[in-house]
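Peer 1: For reference, the structure I am asking about is given below.
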Amino acid sequence: MTYAFYVIRDISITHKKTKEERQVHQFHFTKWPDHGTPDTLELVLFGRRVTSYKTQLTGQMIVHCSAGIGRTGTFIGLNALLTHGKNTGKVDIPRYVGTMRNGRMNMIQTYEQYIGLHELLVEGFNLQKSLIFRVNFPAVLSTMCPTNTPANRTKIHQEFKVLKSLTPNYSPSCFKAALLEENLEKNRNKDILAGISLP
């Protein structure tokens with residue numbers, strides 16, 4: 001299954017001599033540059049997808065990037081510190097990175113990745129859980145907007161209010177370019193203008 005910033009693969013591996021077969025679920029995050037940092041929202045959502053994936057397989061999760069230290073350390077740190085922080089209410093990032101480095105040198109390889117881990121944790125702790133699996137959607141939807149509850153008291157209404165609060169406020173100066181004489185005819189609808197301000 002291919003998504004905007006990751007791919008999920010189900011792989012079957014067979015040992016040539018023993019014919020023993022194993023199944024592997026591979027989660028491939030595709031938008032993380034080597035030595036760089038990814039979009040925080042995308043990686044947090046990816047991490048949630050990995051940890052919430054329903055499977056019958058009993059093996060452990062293996063995390064690896066090209067060298068197995070920078071991006072690998074950042075993802076492991078994010079996963080472990082989010083879990084610990086939610087359970088205890090606190091995180092100790094330098095201590096955890098030190099613990100990882102005792103097991104494998106240079107985990108979280110660059111200063112940018114170390115800063116990125118902090119930003120990822122902010123995103124992870126503040127991002128509300130909204131992922132609904134397709135098979136559960138009808139049941140979850142019925143709990144979000146029950147028929148015997150006023151619309152403005154339903155969970156779906158509250159969720160929409162949060163989304164509206166995230167909409168940026170634009171001042172008239174943000175629409176200067178759209179209101180220039182040469183751009184007036186380019187606006188399909190005069191109530192919907194491009195929010196780009198001139199320097």
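The values are calculated or read from the model by the stated rules, or taken from the named source; none is laboratory data. Everything numeric here is computed off the predicted structure, so don't read it as measured data. With ideal geometry, Cβ positions are generated from the backbone for all residues, glycine too; neighbour counts draw on all protein chains shown. These accessible areas exclude ligands, DNA and RNA; they are computed on the full protein's heavy atoms, side chains included. Shrake-Rupley method; radii C 1.70, N 1.55, O 1.52, S 1.80 Å.
Peer 1: Output the qualifying pairs, or none if there are none: Cβ atoms under 8 angstrom, residues six or more apart or on different chains, first residue in the stretch 159-186 and over 30 Å from M144 (Cβ atoms), second residue polar (S, T, N, Q) and not in a loop (DSSP other than H, G, I, E, B).
Peer 2: Going by the 8 Å Cβ cut-off, the qualifying pairs are A177/N183.
Quick grid of which residues meet (1) modelled with pLDDT of 95 or more; (2) closer than 14 Å to L121 by Cα:
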{"residue": "W32", "(1), (2)": "no, no"}
{"residue": "H35", "(1), (2)": "no, no"}
{"residue": "L45", "(1), (2)": "no, yes"}
{"residue": "R49", "(1), (2)": "no, no"}
{"residue": "K90", "(1), (2)": "yes, yes"}
{"residue": "R95", "(1), (2)": "yes, no"}
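Peer 1: If I filter the stretch 123-140 down to residues being in contact (Cβ under 8 Å) with a residue 12 or more places away in the chain and surrounded by 12 or more Cβ atoms within 10 Å (Cβ to Cβ), which single residue comes out as farthest from L45 (Cα to Cα)?
Peer 2: Out of the qualifying residues, it is F125.
Peer 1: Here's something else I'd like to know. If the Cβ limit is 6 Å and pairs must be 6+ apart or interchain, which residue in the stretch 103-118 that is touching a residue at least 12 places away in the same chain (Cβ under 8 Å) and within 19 Å of V91 (Cβ to Cβ) pairs with which residue that is in a helix (DSSP H, G or I) and open to solvent by 60 Å² or more (accessible area, probe 1.4 Å)?
Peer 2: Matching pairs, first to second residue: M107/R101; I108/Y114.
Peer 1: Which one of D34, D39 is touching a Cys at 6+ places or on another chain (Cβ under 8 Å) and open to solvent by 60 Å² or more (accessible area, probe 1.4 Å)? Can you show your working first?
Peer 2: Working: D39 fails: touching a Cys at 6+ places or on another chain (Cβ under 8 Å).
Testing whether each residue is touching a Cys at 6+ places or on another chain (Cβ under 8 Å) and open to solvent by 60 Å² or more (accessible area, probe 1.4 Å) leaves just D34.
Peer 1: Oh, and also: Taking the residues in the stretch 52-75 that are modelled with pLDDT of 90 or more and in a helix (DSSP H, G or I) as candidates, determine which candidate is surrounded by the fewest Cβ atoms within 10 Å (Cβ to Cβ).
Peer 2: The extreme case among them is T72.
Peer 1: Just for the stretch 151-169: of the residues that are open to solvent by 70 Å² or more (accessible area, probe 1.4 Å) and part of a loop (DSSP other than H, G, I, E, B), which one is farthest from L127 (Cα to Cα)?
Peer 2: Out of the qualifying residues, it is N169.
Peer 1: To continue, here is another question. Please verify whether K176 is modelled with pLDDT under 90, under 30 Å from G70 (Cβ atoms) and open to solvent by 90 Å² or more (accessible area, probe 1.4 Å), treating the condition exactly as stated. Full working, then the answer.
Peer 2: Working: modelled with pLDDT under 90: yes; under 30 Å from G70 (Cβ atoms): no; open to solvent by 90 Å² or more (accessible area, probe 1.4 Å): yes.
The answer is no for K176.
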